[in-house]
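Note sheet for the following structure.
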Amino acid sequence: MTAVKQAENTTVTEHVVCPFCATLCDDLTIHVHNNQVVKVRNGCALAKGVFENAHKEWATPRIGGKEVAYDSAVEEAAKLLAASNNPLIYGLSATDVDAQKKCIELADLIGANLDNASSV
Amino acid sequence: MISLTLMEKLSIPMEADLITPDNLHDKSNDEIKRQTVYWGNKKKTIGDFFEVEGEKSDQITMVGDCAKVKLIGHKMSFGAVHVQGDTGYNTGSYMTGGSITIEGNTADYLGAMMEGGFIHLKGDAGHFVGGAYKGETVGMTGGEIVVEGNAGHETGGFMRRGLIGVGGNAGDFTGLFMLAGTIVVLGRAGERAGANMMRGSIILMNQTRLLPSFFQNGVVSTPAVDMILNRLRTLGMNPPLAGRYVRHTGDANTIARGEILMRVGNRNHVEV
Amino acid sequence: MVALQLGGAPAATLGEVKNRADLVIFWGSNPAESHPRHFARYSGAAKGRMNPKGRKDRYIVLVDIRPTPSVKYADEFIQIKPGQDFEVLTVMRMLASGQRPDADNIGGVEVQTLERLVQRCKDARMGVLFFGQGITETRGKHQNSLVIYQFGKEMNRHSKFLTLPMRGHYNVVGSGNTMCWQTGYPFAVNFGRGYPQFNPGEFSVVDLLKRKEPDAALIVAAEPMDHLPYEAARHLEDIPTIVLDPRETLTTKMADVVIPVKHAGVSVEGTAYRMDHIPIKMRAVLDSPWPKDDIPLSTIIERIKEIRKEEAKT
Amino acid sequence: MAIRIENGEVIDPAHGEDRVKRTVHIKDGKIVADAGLDATVIDATGCVVMAGGVDIHTHVAGPKVNFARLMRPEDHRYEHVSREDGYERSGTGGVAATTFTTGYRYCEMGYTTIVEPAVPPMGARHAHEELVDIPQVDKAIFTLLGNSEIIFQYLEKGEMSKINEYISWIMDATKSYSVKIVNPGGANMWKYRADIHDIDQKLRDFDTTPRKIVLAIADTMATLGLPHPLHLHCNNLGVPDSYKTAIATAEAMEGRPLHLTHLQFSSYGSSGKRKFSSEAPRLAQMVNDNPNITIDVGQVLFGKTTTITADGPFEYHLHKLTGSKWYNGDVECEDGCGVVPYDYKRKSFVNCIQWAAGLELFLLIDDPWRVYLTTDHPNGAPFITYPHLIRMLMDKDFRREQVEKISVEASSEIPLKVLEREYSLYEIAIITRAGTARRLGLEHKGHLGVGAHADVAVYRIGANYEEMFAKPAWVLKDGVVVAKEGKVTRQVFGATMYVHPARGFADIEKDLADFFESYYTVNINNYPVGLEYLPRPELIPCQVKQND
């Protein structure tokens, strides 16, 4: 185990991989208190930005700007994509391989255009 | 003549590679209407989008703004396609014979991987005229393309045989990786013409900055150039005749048997 | 990517740079600001098998159109005129094969300087050329990457020489790899005919949006409203747009549907590919109330299959 | 779910059955003695019934295969698998096909197990991510260790127990099935743009030789009891007189079990006018004389392909020779790889010799249990050409027609011309499934005895053997019909097989920590591949000899 509980509501995780740039440094130590990152060791300024701000501005499920139940947002997404004649799926560069695989499967299913940041 | 009239302007593009004389010449209008096209992610028919009129023929006329209709004349080997408007991507790609005339503009990859035949574009072309698809190392291997307007980047990239004439300006990298064949630009060519070219000729009517891997190699005035320009004249262009050209050979980073001929003075040149 | 498809490249994992490289060139790349630890971990000061003294065992050259904060890490800075990378590299290829151009100065650089640089490349035990957005996003684009790969391949006649792109987003290499093994192509794919077709320009995001062709969009872990040219991104305002993202962004703010997800590498584990194609499993340090993004994506896939079945019945 | 395959002629060489008319009973994914009366019946009249094919060497996943896909979009443009044709997932073909397409195509030829034989340890995670996306077949990877600097360090000091411990650790850390060596020491030397030319040549950074590397790893594999023995790609591959290196390597083994892979690429001499000849007869003799050795052929077939190998220096050589695209990918501390497109031409003297040499190996090695059918996909040819190759082995008139099409100059020099042997269906079953399964140590595969996995291919005896093997009438995976008449009817996912050898030979924890800190760029704690990367893991036991 690399995550060690130190005190109440505090964990320290070693060998953390930084999801900011493609250098993918994998030697960070992250201190978390009350589900907020309070200390980043070995990380550069960009890494600190990612982890220390990670608890801020979480997105919420919404349709047309109004907050909705999670399942409703997913259902609406499915309906919109099912009705599309020429959908675009874009992104993939800032998530993991499992999500990327699912994006491709979805694009295959609905005959979409699929692109990532390589083309930009 | 077969007449296809686009009923409504499209915003979602359509792949219509079956619109060729090869495929339509022996079909009745009803059969033509049933031919498959791909519109966005849907499988549709020609009849869903076009009014089909006329009788069996190897001549096809397309009426309307076909800017979102891709692959017109794809792999065609005979007959004629006349488009009274714009066309979309990949027009005349892999074509081996016959002719395509486009009154308007077209998108990228006009005549890409073309093997033979003639394409006459009255308006502007996109990038990769007579070019190679990504990863391919041989592009156009025969035929003739005339672009009366401007052409984009990499015109005649990887070209191995044939003739491309551009009446207006051309973008950067004209004749990129050219293996042989001839490209003529009557307007101005962009930068880096002939990058990595091995053989072949690029004839430019106006001065442009060449790569340092091209070396000036005398002034020529050859019947061969006049023959090419005469040929363009018969294809409907208006090149200046009888001129002298500064000859540059390169690209020095390949076998360097290519030449870029730049016309001395620019009298008679077509200002675009 | 397109350049790689045209000719391949001499590459290696970053540990090879750490262990053996004695000449490192950064071209159009500013690692001090864009990849701050690259220098310490792999390329500049890293100690390795043949570089026990780290920084002292390497000669570092920076090539750019203006001095950047990375200059202070370099032994030599070569400033070239904007948009002249292709010309300069073309001349370096010539010099490598013993040819000289007619000019003495190319793209703002003395040919003598380039000659010295080429000689250093030839004499290196292992030379590495890292190139960044400063060259891949200026005039010539993928042709600039291509000429770098060509130079690198030709340099292998004389020395061990590697050419490696400095990639930006942490898993952009993963997205290229995953798309490649499932579709054969690393980006710009269209499935409209029931199978993958590839054509950058025709099927790449900026061009599609500029031409206003998509009629719905799903954005997964990206910020098009911030990163794409506005003339492209604004089409997203006109069509139904769905965004999967852990956080509020400019894109979620304009989206029609927002589906929050866990933040890969922060609140959930997952595989990511480093710029040298090495996959690493990311760890999780925070909790999040939302599911991992493949879960809503799977639900969407299942729902669409059901909708299709219902449609087929009627 | 129960199935009875009735009225077919069973060919099961593991049990000596050659076209025996009997019913094959299947229940719950296994071959059983009696499937019961309510079993679904498949009427295999006019068909032969075999176990599913087992490919011992095919490059289908991992970093270098994906580079081959990446580098050649033109290879995918003209062949695809479409959802319109009923496939669950689309894909593109050509020689380096996409993952789903690869699975479908193997299945459609009656293959149910495939082995990706060359994954550098750092690429194991990538390879497993791809294997998850290859449907229809069981699969496994071999880990490349022939250029491991950790092993070289221990070799210098003669610390065999630490090598045992390291290999045991790395097998677990990569979730792989066996060890592959490619050009031992050569990829390491390639990091200086050099190569190895002799099995007793010393490396530059390490005081060791290919001979020592190969022997140490072979001994470790025996100690760990890995189910498949050392899988070796020899030094000097692909060049004139490569056969001498192959023979020297085989002799160096002194009776230890050895699998020489794609031996065809090592079977060249330097005689004749063009200083390039087939020495396949000598190598066949060597195999005939040494019962410890098995080989797969790596047959070359004419046409365009992409060569993919961990042999970095060889690929550079090929790039210089052809001027083609070239990708090189050295892997820190471990290995390297190269990718170069190649076009085998009937007009090329050298290509014709290569083509003939492979067939000569097939026809001159007496014991079919020790020669296996491969094209070293895609190096010699893509795997979809197997039915054509089978026909050449089974039909000497067809083979003669092919010989007549090759370069006249080459055809006058090849021993192949006078070979009359024809493979029987029984022998084909050995070289494509029974033999490979046995050599891989897969007790539950490659046969139709009770207890075997119900991976079955039913081939309709047809006009010619190529058509017969291209489109089996039925294919069953784990007792479920997954393809009919050469077309996938159902998408399923197979297992990933791996081993978990014993540990405790030595304490190397600190050594590894130090080594990773000094020479790797990946944190050792983030290096091992966990079982979560294998959604359907199948642990194959190691057979440790008690008397060792």
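Figures for the structure shown
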{"quantity": "Filter result (of a type outside the set (A, V, I, L, M, F, W, C) and facing chain A (nearest Cβ under 8 Å)) within the stretch C:295-306", "calculated": "C:Pro296, C:Ser298, C:Thr299, C:Arg303, C:Lys305"}
{"quantity": "Residue under evaluation B:Phe118, criteria (1) under 11 Å from the mean Cα position of the chain (by Cα); (2) among the aromatic types (Phe, Trp, Tyr); (3) crowded, with 24+ Cβ neighbours inside 10 Å, criterion not met", "calculated": "(3)"}
{"quantity": "Meets criteria (over 28 Å from A:Ala69 (Cβ atoms) and either surrounded by 24 or more Cβ atoms within 10 Å (Cβ to Cβ) or in contact (Cβ under 8 Å) with a residue 24 or more places away in the chain (or both)) for C:Ala232", "calculated": "yes"}
{"quantity": "Residues being free of Cβ contacts under 8 Å to residues at least 40 places away in the same chain and not in a loop (DSSP other than H, G, I, E, B) - total across the stretch B:120-144", "calculated": "1"}
{"quantity": "Count - residues of the stretch C:120-161 that are open to solvent by 40 Å² or more (accessible area, probe 1.4 Å), in a helix (DSSP H, G or I) and away from every other protein chain (no Cβ under 11 Å)", "calculated": "3"}
{"quantity": "Whichever residue in the stretch A:12-42 is outside any strand (DSSP E or B) and more than 24 Å from C:Ser175 (Cα to Cα) and, among such residues, is farthest from the other protein chains (Cβ to nearest Cβ)", "calculated": "A:Asn34"}
{"quantity": "Of all residues making up the stretch A:43-60, the number that are facing chain C (nearest Cβ under 7 Å), over 15 Å from C:Arg283 (Cα atoms) and small (Gly, Ala, Ser)", "calculated": "2"}
{"quantity": "Residue list for the stretch D:125-159, filter: β-branched (Val, Ile, Thr), more than 19 Å from the chain's Cα centre (by Cα) and either within 14 Å of chain C (Cβ to nearest Cβ) or closer than 22 Å to C:Tyr273 by Cα (or both)", "calculated": "D:Ile150"}
{"quantity": "Elements of type helices (runs of 4 or more DSSP H) in the stretch C:1-95, at least 3 residues being more than 14 Å from chain D (Cβ to nearest Cβ)", "calculated": "C:31-34"}
{"quantity": "Residue match in the stretch D:414-421 (condition: in a helix (DSSP H, G or I), out of contact with any Asp or Glu (no Cβ under 7 Å at 6 or more places or on another chain) and under 16 Å from D:Gly358 (Cα atoms))", "calculated": "yes"}
{"quantity": "Of the criteria (1) over 16 Å from D:Gly358 (Cβ atoms); (2) within 14 Å of chain C (Cβ to nearest Cβ); (3) surrounded by 22 or more Cβ atoms within 10 Å (Cβ to Cβ), which one D:His317 fails", "calculated": "(3)"}
{"quantity": "Tabulated pairs, the stretch D:62-80, first at the interface with chain C (Cβ under 8 Å from one of its Cβ atoms) and without any contact (Cβ under 8 Å) to a residue 24 or more places away in the chain, second of a type in the set (Lys, Arg) and outside any helix (DSSP H, G or I), C-beta under 6 angstrom, 6+ apart or interchain", "calculated": "D:Pro73/B:Lys134"}
{"quantity": "Only listed residue being free of Cβ contacts under 8 Å to residues at least 40 places away in the same chain, assigned by TED's automatic domain parsing to the domain that holds A:Gly111, open to solvent by 20 Å² or more (accessible area, probe 1.4 Å) and of a type in the set (Phe, Trp, Tyr), chosen from A:Tyr90, A:Tyr70", "calculated": "A:Tyr70"}
{"quantity": "The one condition in (1) crowded, with 17+ Cβ neighbours inside 10 Å; (2) farther than 30 Å from D:Lys162 by Cα that D:Glu485 fails to fulfil", "calculated": "(1)"}
{"quantity": "Filter pass, C:Glu248 being farther than 30 Å from D:Glu332 by Cβ, of a type in the set (Asp, Glu), facing chain A (nearest Cβ under 7 Å) and open to solvent by 10 Å² or more (accessible area, probe 1.4 Å)", "calculated": "yes"}
{"quantity": "Single condition D:Lys325 does not satisfy, out of (1) open to solvent by 20 Å² or more (accessible area, probe 1.4 Å); (2) part of a loop (DSSP other than H, G, I, E, B); (3) charged (D, E, K, R)", "calculated": "(1)"}
{"quantity": "Selection within the stretch D:17-38 - open to solvent by 10 Å² or more (accessible area, probe 1.4 Å), in contact with a His (Cβ under 9 Å, 6 or more places away or on another chain) and among the hydrophobic types (A, V, I, L, M, F, W, C)", "calculated": "D:Val32, D:Ala33"}
{"quantity": "All positions within the stretch D:458-488 that are touching a strand residue (DSSP E or B) at 6+ places or on another chain (Cβ under 9 Å) and free of Cβ contacts under 8 Å to residues at least 12 places away in the same chain", "calculated": "D:Lys484"}
{"quantity": "Residues of the stretch B:182-218 satisfying the condition of being closer than 24 Å to C:Gly7 by Cα, of a type in the set (Gly, Ala, Ser) and either open to solvent by 20 Å² or more (accessible area, probe 1.4 Å) or not in a loop (DSSP other than H, G, I, E, B) (or both)", "calculated": "B:Ser201"}
{"quantity": "Residue list for the stretch D:90-119, filter: among the charged types (D, E, K, R) and either within 11 Å of another protein chain (Cβ to nearest Cβ) or over 15 Å from D:Asn66 (Cβ atoms) (or both)", "calculated": "D:Arg105, D:Glu108"}
{"quantity": "Check on A:Asn42, under 30 Å from C:Leu14 (Cα atoms), surrounded by fewer than 18 Cβ atoms within 10 Å (Cβ to Cβ) and within 15 Å of the chain's Cα centre (by Cα)", "calculated": "no"}
{"quantity": "Residue identified as open to solvent by less than 20 Å² (accessible area, probe 1.4 Å) and assigned by TED's automatic domain parsing to the domain that holds C:Lys141 among C:Pro82, C:Pro52, C:Pro101, C:Pro67", "calculated": "C:Pro101"}
{"quantity": "Single match in C:Lys281, C:Lys253, C:Lys292, C:Lys262 (criterion: of a type in the set (Lys, Arg), under 20 Å from C:Val172 (Cβ atoms) and more than 8 Å from chain A (Cβ to nearest Cβ))", "calculated": "C:Lys262"}
{"quantity": "Count - residues of the stretch B:78-87 that are within 8 Å of B:Pro21 (Cα to Cα) and of a type outside the set (Val, Ile, Thr)", "calculated": "3"}
{"quantity": "Every pair of residues 6+ apart whose Cβ atoms lie under 9 Å, when the first sits in the stretch C:96-115 and is in contact (Cβ under 8 Å) with a residue 12 or more places away in the chain and at negative phi while the second is among the β-branched types (Val, Ile, Thr) and assigned to a loop (DSSP other than H, G, I, E, B)", "calculated": "C:Ile106/C:Ile80; C:Val109/C:Ile80"}
{"quantity": "From D:Ala96, D:Ala14, D:Ala118, D:Ala68, residue being open to solvent by less than 10 Å² (accessible area, probe 1.4 Å) and either acidic (Asp, Glu) or touching a helix residue (DSSP H, G or I) at 6+ places or on another chain (Cβ under 7 Å) (or both)", "calculated": "D:Ala96"}
{"quantity": "Residues (among the charged types (D, E, K, R), more than 29 Å from C:Ile259 (Cα to Cα) and at pLDDT 95 or above) located in the stretch A:1-38", "calculated": "A:Glu14, A:Asp27"}
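The values are calculated or read from the model by the stated rules, or taken from the named source; none is laboratory data. All values derive from a computational prediction rather than experimental measurement. Positions of Cβ are backbone-derived with ideal geometry, glycine not excepted, and every protein chain shown enters the neighbour counts. What goes into the accessible areas is simple: the full protein's heavy atoms, side chains included, and nothing from ligands, DNA or RNA. Shrake-Rupley method; radii C 1.70, N 1.55, O 1.52, S 1.80 Å.
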